[in-house]
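These notes are about the structure you will find just below.
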Amino acid sequence: MENEKNHIIPYRTFLFVLAGLITLTIISVTLTQISLGTLTVAAALLIAAVKSFFVLRIFMHLKFETRMFSIGVVAVTLLITVVIIITLLDYLFR
Amino acid sequence: MKDTVLAGRDTAGAKLGMWLFLFTEILLFGGMFLLYAVDRAKHAAEFHAAAEGLNRFVGAANTIILLTSSLTMALSIAELRSGRRERSLMFQSLTILFGCIFLGVKYFEWTAKIGHGIFPDSPELMKLPKGQILFYGLYFVMTGLHGVHVLAGIVVLVFMLISTINRRITHHDYVRIENSGLYWHLVDLIWIFLFPLFYLIT
């Protein structure tokens, strides 16, 4: 535990993550040009979610912190998602 | 536990406090995303038409700038913890520079829009269909609030830079810059969602 807490992520990992994030950004922009119809929003959000995962785990160091913070992030994200889904159901099928 | 309490500073508590604050920030933007979701669902075609008015390559460039600033932020902390203070100072300065570039690009984007008469409540905007008015309303409020966060992040990072120069932040005592970094990454995280939702609508 103590070892993990003081873990210093190597340079290489950080650079790989940035390369991945930039690649995903470019993929996201390219996907917009080839229209996927209604799937576009889903694809854009999925890519954004994957990018967030890496920012949270590596840049924000969650991988090496107490589980409590990760659980909190998941809980807050779920709360927003559920509220958005319920509100949309209400608006669209009223 | 003894390693987390240093010079009268409870680093575990400091981090917990920071994360709780970040949760409230996520919820703040979450409320706006909720409004966005409903408006877009009701005015899909008009949102698409309005989004055509934004330059997605400028948006993508700004995304890459902000992502890179997150990297330099993370590197500055890794360098500091490894005891390489000078390199940490360099990466901290780079992070601040990237933040300023991001805001500069945003400034030019906004002034271009305002130059075309598109700003909240402008006569030009009010002539557009309702969905487009809503789109630009959300655009200015959400990217504006995000911009305020970037500005706040830059101010905080300048204080961290000064503290590192004065050796009040060292490789033994770095929780303040770690927490500042968390804030900076959160601002990056929010932009990761703002970018596709405003620039990439088809």
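In the protein assembly as shown, taking the dipole from charged Cβ atoms about the Cα centre, the farthest positive-side position among A:Leu31, A:Leu45, B:Ile177 is held by B:Ile177. Panel order for A:Leu88, B:Leu71, by other beta carbons found within 10 Å of each beta carbon, from fewest to most: A:Leu88, B:Leu71. Exposure proxy for B:Arg81, A:Arg67: other Cβ atoms within 10 Å of each Cβ, ordered fewest to most, give A:Arg67, B:Arg81.
Here the 3J(HN,Hα) profile of the range B:54-61, calculated from phi with Karplus coefficients 6.51, -1.76 and 1.60 at θ = phi - 60°, is 9, 8, 6, 6, 5, x, 5, 4 Hz, Gly and Pro shown as x. Per residue of A:69-78, other chain Cβ atoms within 10 Å of the residue Cβ number 3 on average. The fraction of all Cα pairs in the protein assembly as shown landing in successive 10 Å bins from 0 to the largest distance is 6, 27, 34, 21, 10, 3, 0, given as whole percents.
Highest mean first, the peptides B:158-165, B:109-116 sorted by other C-beta atoms within 10 Å per residue fall in the order B:158-165, B:109-116. Computed on the range B:29-199, with alpha-carbon pairs under 8 angstrom and 6+ residues apart, the relative contact order is 33 percent.
Rounded to two decimals, the Cα radius of gyration of the range B:29-199 over 2.2 N^0.38 Å is 1.19.
Only alpha carbons enter this Debye calculation for the range B:72-168, each as an equal point scatterer, and the log10 of I(q)/I(0) it gives at q = 0.16, 0.20, 0.25 Å⁻¹ is -0.72, -0.91, -1.20. Whole angstrom only: what separates the Cα centroid of the range B:109-168 from the Cα centroid of the range A:22-94? The range B:109-168 and the range A:22-94 have Cα centres separated by 22 Å. Against chain B, whose longest principal axis is taken from its Cα atoms, helix B:130-165 shows a tilt of about 20°.
Shown for the protein assembly as shown: lysine pairs separated by 8 or more places, or found on different chains, whose C-alpha atoms are under 25 Å apart, numbering 17. Fewest neighbouring Cβ atoms within 10 Å first, the residues B:Lys15, A:Lys51 line up as B:Lys15, A:Lys51. Using C-alpha pairs under 8 Å with a sequence gap of at least 6, the mean separation divided by the residue count of chain A gives a relative contact order of 33 percent. Along the positive direction of the dipole of the range B:29-199 (beta-carbon charges: Lys, Arg +1; Asp, Glu -1; about the Cα centre), which of B:Tyr36, B:Leu75, B:Phe193 reaches farthest? Most positive-ward Cα: B:Leu75. Farthest towards the positive end of the charge dipole of the protein assembly as shown, among the residues B:Gly147, B:Ile65, B:Ser122, is the Cα of B:Ile65, using unit charges on the Cβ of Lys, Arg, Asp and Glu. Please report, in debye to the nearest 20, how large the charge dipole of the protein assembly as shown is about its Cα centre when each Lys and Arg carries +1 at its beta carbon and each Asp and Glu carries -1 there. With only Lys, Arg, Asp and Glu charged at Cβ, the dipole is about 420 debye. Residue by residue through B:54-65, how many Cβ atoms from other chains fall within 10 Å of the Cβ on average? If you average over the peptide's residues, the count of other-chain Cβ atoms is 2.
Computing Rg and the Kirkwood Rh from the Cα coordinates of chain A gives a ratio, Rg/Rh, of 1.09.
Every number in this text was worked out from the coordinates using simple rules, so none of it is lab data. A quick note: this is a predicted structure, and the numbers were derived from the prediction, not measured. We place every Cβ from the backbone using ideal geometry, glycine too, and count neighbours over all the protein chains shown.
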